[in-house]
Amino acid sequence: ERIELRAGTDNVEAWSLVQRAAPIEERATGFMQVGDIDAALASLAPADSVLALAEEVAPEWVEPTVRRGWLDYQASRFTGFDDRTAADSWITRGMEHADVAVRLEPENPDALELRGTLQYWKYLLNLGGPPDDAEALVAAAESDLRGSVAADPRQASAWTSLSHLLMNQDRVPEGKVAALRSYEADPYLRNAHLTLWRLFGASFDLGDGVEAKRWCEEGRRRFPERPRFRKCAVMVHAMPG
């Protein structure tokens, strides 16, 4: 990642600032994993400040802006359904960064993924407004996520978000294909267990017992501590044949 990131700019100061922000971001994630939301939110502020400095010294570089948007997304996830007003505020901030990033590089896969993810999360939180506006929002999210994976097919996290969106729209075959592309691109993605569960769920919904068994067993092999991969074994036995 550092080599690819360094290739994105020749501004050493900006690159160093982005590197300084990374461990602060990780610390915030660590607080979230143990349920300390206040500490997680507090940790995001210094990371955002460092990235803002990187933006100032290299305004043409998209990376700091994209990372600031992801920080806002993380904050919106921390608050989530418990405080949708606060989540909406963080999403709005993130969208501002995403829009700037897409203007800087209209085909940047990370910028498109960020904007698509924020739009879809806003839709899931029922913050999209009247039905027509909500449908337009989820359509824009799909467009951006598809743009991200078209720009870089290795964009595993964009594939997995797209798979969730498609399955949530009852487009199960398309959703399964997107989940497969995510797993092929990066089987060790942080939330790979969710991708495997979607692959099982799509196979189950499509009545494909062989594929359902395959993905259930893969999930149990890789994530034996997760109860859903024991539940799916029972579900497979309930399938015809």
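Kindly evaluate residue 156 against the criterion of being more than 23 Å from residue 187 (Cβ to Cβ) and not charged (D, E, K, R).
Judged against the criteria, residue 156 is not a match.
Output the qualifying pairs, or none if there are none: Cβ atoms under 8 angstrom, residues six or more apart or on different chains, first residue in region 159-172 and open to solvent by less than 10 Å² (accessible area, probe 1.4 Å), second residue aromatic (Phe, Trp, Tyr).
That search, which allows pairs on different chains as well, returns 165/120.
Here are some residues: 8, 35, 30, 69. Which one is modelled with pLDDT under 90 and under 17 Å from residue 102 (Cα atoms)?
It is 8.
Identify the single condition in (1) in a helix (DSSP H, G or I); (2) modelled with pLDDT of 95 or more; (3) aliphatic (A, V, I, L, M) that residue 127 does not satisfy, given that it satisfies every other one.
Single failed check for residue 127: (1).
The values are calculated or read from the model by the stated rules, or taken from the named source; none is laboratory data. Since the model is a prediction, treat every value here as computed from it, not as a measurement. Note: ideal-geometry Cβ built from the backbone for every residue, glycine included; neighbour counts use all protein chains shown. SASA here: full protein model, heavy atoms, side chains in, ligands and nucleic acids out. Shrake-Rupley method; radii C 1.70, N 1.55, O 1.52, S 1.80 Å.
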